[in-house]
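Notes follow once the structure below has been shown.
The values are calculated or read from the model by the stated rules, or taken from the named source; none is laboratory data. Every value quoted in this text rests on a predicted model; they were computed, and no experiment measured them. All Cβ positions, even for glycine, are placed from backbone atoms using ideal geometry, and neighbour counts span all protein chains on display.
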Amino acid sequence: MCSLLHPALVLIVAGLFLPLLRGVYRNLCMFIAPVIALVLVWTVAGTVDCRMEFMGIELQVLHLDSLSRLFVTVFSIMAFAGLLFAYRQAGTVELSAALVYAGASLGVCLAGDMITLFIFWEIMALASTVVIWSGGTSASAAAGMRYVIFHLLGGVLLMAGIIAWYHDTGAVMFSAMTLDNMATWFIFAGFMLNAAAPPLSAWLADAYPQSSCSGMVFLSAFTTKTAVYVLMRGFPGTELLIIFGLLMILYSIVYALLENNVRRMLAYSIINQSGIMICGIGIGTELALNGAAAHAFSSVIYQALLIMSAGSVVYMTGKRNCTDLGGLFQSMPVTAVCGIIGALAISSFPLASGFVSKSMVSQAGVDNNLFLVWLALQAASAGVILHAGLKFPWLVFFHRDSGLRPGDPPMNMQLAMILFAILCLFIGIFPGTLYVMLPYAVEYVPYTADHVLAQLQLLLFSGLAFFLMLPWIKANLGATHDFDWIYRVLLNRIFCMLHNVASTFVNRARDLVITMLGHVLRRLNGIVLSGQRQSLFLSNAILLSVAFLLIFLSYALSA
Amino acid sequence: MITGHLPILLLIMPLLAAPLCVLLHRDILSWFLALLVFLGVFAGAWALLGSVLEIEVWRYTIGAWESPWGIELYVDSLNAFVLVIVASIGAASLLFARQSVASEIAADRTYLFYSALLLNLTGLIGVILTGDAFNLFVFIEISSLSGYALISLGRKRLALYAAYRYLILGTVGATFILIGVGLLYVVTGTLNLQDIGVRIADVSADRTLATAICFLLIGLSMKLALFPLHVWLPAAYSAAPSVVSVFLAGTTTKVFIYVLIRYVFDIFGLDTIRGILPLGDILVLLSMLAILYGSWMAIVRSSIKSILAYSSVAQIGYMVLGIGLFTRTGLTASILHMFNHALIKSALFMAAACLIYRLGTDRLEDLRNSSGCMPWTRAAFVLGGFSLIGVPGTVGFLSKWYLLQATIESGNWPALAVMIIGSLMAVVYFWKIVEAFYFRQPAQDTGEKMTEAPLMMLAPLWLLILANIYFGIDTDLTLDSITLAVSSLAGL
Amino acid sequence: MNKHRLLRDENQGRLKMAGIALLVLTLVAGFFIHIHAYFPGTGFFGFQAVFGFFACAGLVLLTRLIGLIIKRRDNDHV
């Protein structure tokens, strides 16, 4: 058995028991679970293994090394801050589901084999769906349904891949794979769906903004980042990932630019940041993987911070669209400052966390002499200005005064934001604290005069372009068709059409045959059947003939 | 001494209890007698499985007339396992039955209901245990005739129509089976199943044999409701009294799938079958159609029992798919899914029965108006649904795992695609129900608050739900017996 | 109601001036700190600034074009 209590179980059990508790016990149970998980993974040095048997296959349910420890750490912190942000406003169902969701994501990160991984993967999908449903509107119910179908599709793909892998190799241990057979392609597809890679990406921007203000904070952190983690474990150095990463970056910038809904825009920025990590995984050198891991760590924090800030705005004003907001810095100073710090972090401004992590990926591109990749990453840095980096804080907190004067949100929400804002700056100023946790040794130095200056030039002049083109950007704001149009509208129409055609055809054919047979019967025997009896009798007769036909056919086949 | 006659005791107990039920006449007494018998069968079935797992095969000769002249009961781990499925579902249904039956069936007919249920059980046990081809037909008729009677007791007028339809098709199916058995007798000169299996190897593939096999297979397909011969099933399951749906959904079709497995793998053997017709391909094709068609119809239906019934059509597709692949893993998956699906579907039908007991309806539209009440029933339904769509930690996951493994192993990509699509469609129809449970605001406030279903109904329901989870985690018992059963079948 | 300090007209002008000064400052700093050119053709003076500006401008234009195709009316589906 196991020398270490499984951190994932701590959170999941806490989540399941939460609805039974009241008052201070409830809060205690909620906040202590992530802390326990954090303590557990940091009190054990080195790697830990824990095995058990299921379906006659040996599983390694707990495999702790530096990479999994990094992700467990950030997920635990995230769970804690998310709960702090949510616990006064969200319902018990949402909190409970969020704990299970966080626990399952820890389970994925700690899984040593793919069956354990898959089990936690599915729990994650279901728990996150409940988080979306907790949005409580009919739109969130529908979006949650589309979300869960998509993720169960990903689950089936992943499962098929794992089984095929097991069939090919006789093992289920989770280690690096190459995309050279069907098994790994299926696994890859399952992973990429959770990473929101196009064209399997629409679920994210479709579902996340329909969750509650606090729900989206949890959603932003776990699903995509666990996908990044498993890709890092399973497919490091797969060149296809570079292409997917760049596609995600470009696609999300375009959509985020067009988007008027603040939370939808931030949803696209999640895809954007995941794209950078996936690019890093595709490059696959030690520096690139370190960069991707570090960026995952810092992006969980600033992404959540941005969404908390946007969530506070939506919570306090009830308005979701950029065009309805503006000038809020006057009455929501804490939210504005925290939002700005998050924006600085996401745009990799020096002294904020994004700067020290994203530049590692760029540097890896340079080291591998990938000019186009480097250029695209630079463009992505500039492009962040166009959504979360400048568009979000500018249009929401400054720009035109909307006349809205909401206060800052309740204290617990403020505290959560302040905590994460401090973390963003702390990592940005003391990058060493993050670098020691990375899977490989780090020699990279982010703060050199020329690097800082280059980044400042890039960002400030992108900002200039933003301000100069603001009228164009605003004219473009609105809602968009994403890939979800294919399955929400197109497939739906096709299915309805097919169903109508098929049922009309079948009914016509049946009526025709029944009338004809009725005629024949009347002629032959003078039997007259009417109504239901006729259709019952004749449909049975038809079925009988089908059976005989089958017999005749197989008889003919056998001859 | 008694343990030495366990197989025949299992058969005789319900057979004798059936007329006794009629004599007792009082509804509570007849229920109690039936319950005792079902529990006895339950215990006996597990004991039988235990002993068969040790001695492998138990050939019980009736009246000490040696086979092939005498009639024997033939028990190996395969049919002992199927018997355990039937007995367990039966016991759970009987525990559940009392209040549901009292509310749906007129009090002066209740004793007849239990009597018919006992006869049905007798027939099913006979089909499972008998080692004689003609007796198999007789027991099929016993179970079917009592089945028609049970279904016709349903609340709605539709029940009569459904029972009549099932009667016609079921009789046709049984007749086909009888014709097949007759032709087999002509070819081999014996009616003992194992003996047929031995002698058929010497028979060259001639037309009589081919015809016999075709008649048998099509008759069985009708009985086990394989698409496109499934038409009796949806109406029968949705119109039958709730308890009957619970019992039939978990037992009847499984028993006939067992008979199919017995004939194809044990009696005929794959070599004989392959020489006559491409049965594997036909079964895989039909089961793929069954999965798609059943799931689609389940999506467009609007009452719970009807959705569950069509879902059964699809799930039968999964079981037959495993058989049609003609591989060890496929067969394992198929038998495992028989067990798992019995647990899943009976639990879901029980939850539906609880809703009908309190609300008097299972239409989704009406359920929307009563959201918020009966939390335990709804929670049980959701857990059962999780098992249906194969969430890890439930038995449904194991089925999905082994079925996917079987399809991937045999490299049957169309089947794999159909399975993936089918599992997503299952999510859709399951969701339709969950949505009605939890995510709709009541259209009008009825004022009265519905109470939870009585404990006597909730307890067996949750027992099955817990079994869904227990057997989803502890796989030793099921997989061990199935592995033994599969390895005992010839030709794989 | 008093306008917030940052929104008063005289301060608006100052903010703009400060912004422009910042831009010029980062450019001028380029004379003193040599920005390392990782790839040929990217080493000229102010490359990062020019690239940043035109990358953004390009993305906005691209979006404008793509927007013609993928924009929808509100509540077009659901």
**Report entry** Whichever residue in the range B:13-37 is in contact with a Ser or Thr (Cβ under 8 Å, 6 or more places away or on another chain) and of a type outside the set (A, V, I, L, M) and, among such residues, is modelled with the lowest pLDDT
**Finding:** B:Asp27
Query - Number of the exception - C:Val28 against (1) within 30 Å of A:Asn261 (Cα to Cα); (2) loosely packed, with under 15 Cβ neighbours inside 10 Å; (3) at pLDDT 80 or above - result: (1)
**Report entry** Filtered residues of the range A:155-171 (kept if more than 10 Å from chain B (Cβ to nearest Cβ) and surrounded by 23 or more Cβ atoms within 10 Å (Cβ to Cβ))
**Finding:** A:Leu158
**Report entry** Selected residue [touching a Lys or Arg at 6+ places or on another chain (Cβ under 9 Å), assigned to a helix (DSSP H, G or I), more than 18 Å from A:Ile253 (Cα to Cα) and in contact (Cβ under 8 Å) with a residue 24 or more places away in the chain] from A:Ala296, A:Ala288, A:Ala304
**Finding:** A:Ala296
Query raised in the report: Looking at the range C:40-48, is at least one residue assigned to a helix (DSSP H, G or I) and either modelled with pLDDT of 85 or more or farther than 22 Å from A:Ile473 by Cβ (or both)?
Result: yes
Report task. Just need a number here: residues in the range B:132-185 that are within 14 Å of chain A (Cβ to nearest Cβ), under 30 Å from B:Gly197 (Cβ atoms) and under 18 Å from the mean Cα position of the chain (by Cα). Result -> 4
Query raised in the report: With A:Thr433, A:Thr448 as the choices, which residue is of a type outside the set (A, V, I, L, M, F, W, C), surrounded by fewer than 20 Cβ atoms within 10 Å (Cβ to Cβ) and under 27 Å from A:Ser309 (Cα atoms)?
Result: A:Thr433
Report task. Spot the failing condition for A:Asp482; the list is (1) in a helix (DSSP H, G or I); (2) closer than 18 Å to A:His387 by Cβ, and only one is missed. Result -> (1)
Query raised in the report: Counting just the residues of the range B:192-221 that are of a type in the set (Asp, Glu) and surrounded by fewer than 16 Cβ atoms within 10 Å (Cβ to Cβ), which one comes out nearest to the other protein chains (Cβ to nearest Cβ)?
Result: B:Asp206
**Report entry** From A:Leu266, A:Leu250, A:Leu219, residue being at pLDDT below 95 and either within 14 Å of another protein chain (Cβ to nearest Cβ) or farther than 20 Å from A:Ser105 by Cβ (or both)
**Finding:** A:Leu250
Report summary line: Checked the range B:240-286 for anything within 14 Å of chain A (Cβ to nearest Cβ) and either over 26 Å from B:Pro414 (Cα atoms) or not in a helix (DSSP H, G or I) (or both); matches are B:Phe268, B:Thr272, B:Leu277, B:Pro278
Query - Flag for B:Cys354 being touching a residue at least 60 places away in the same chain (Cβ under 8 Å) and surrounded by fewer than 24 Cβ atoms within 10 Å (Cβ to Cβ) - result: no
Query raised in the report: Take the residues of the range C:1-25 that are surrounded by 11 or more Cβ atoms within 10 Å (Cβ to Cβ) and outside any helix (DSSP H, G or I): which is nearest to the chain's Cα centre (by Cα)?
Result: C:Arg8
Query raised in the report: Which of the residues that make up the range A:308-339 are of a type in the set (A, V, I, L, M), closer than 30 Å to A:Tyr435 by Cα and buried (at least 24 other Cβ atoms within 10 Å of the Cβ)?
Result: A:Met308, A:Ala310
**Report entry** Residue check, A:Leu106 closer than 17 Å to A:Lys225 by Cα and touching a helix residue (DSSP H, G or I) at 6+ places or on another chain (Cβ under 9 Å)
**Finding:** yes
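Among the residues of the range A:331-369, how many are part of a helix (DSSP H, G or I) and farther than 11 Å from A:Asp408 by Cβ? Break it down stepwise before answering.
Within the range A:331-369, the first condition is being part of a helix (DSSP H, G or I), and the residues that meet it are A:333-346, A:353-367.
Filter once more, so that each one left must be farther than 11 Å from A:Asp408 by Cβ: A:339-346, A:353-367.
The number of residues fulfilling the criteria is 23.
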Requested in this report: Could you check B:Gln405 against (1) part of a loop (DSSP other than H, G, I, E, B); (2) of a type in the set (S, T, N, Q); (3) in contact with a helix residue (DSSP H, G or I) (Cβ under 7 Å, 6 or more places away or on another chain) and say which number it fails?
Outcome: (1)
Query raised in the report: How about the range A:76-116: which of its residues are among the acidic types (Asp, Glu) and surrounded by fewer than 24 Cβ atoms within 10 Å (Cβ to Cβ)?
Result: A:Asp113
Requested in this report: Could you pull out the residue among B:Gly396, B:Gly384 that is assigned to a helix (DSSP H, G or I) and within 12 Å of chain A (Cβ to nearest Cβ)?
Outcome: B:Gly396
Query raised in the report: When you scan the range A:31-77, how many residues do you find that are more than 28 Å from B:Leu479 (Cα to Cα), over 25 Å from the mean Cα position of the chain (by Cα) and assigned to a loop (DSSP other than H, G, I, E, B)?
Result: 4
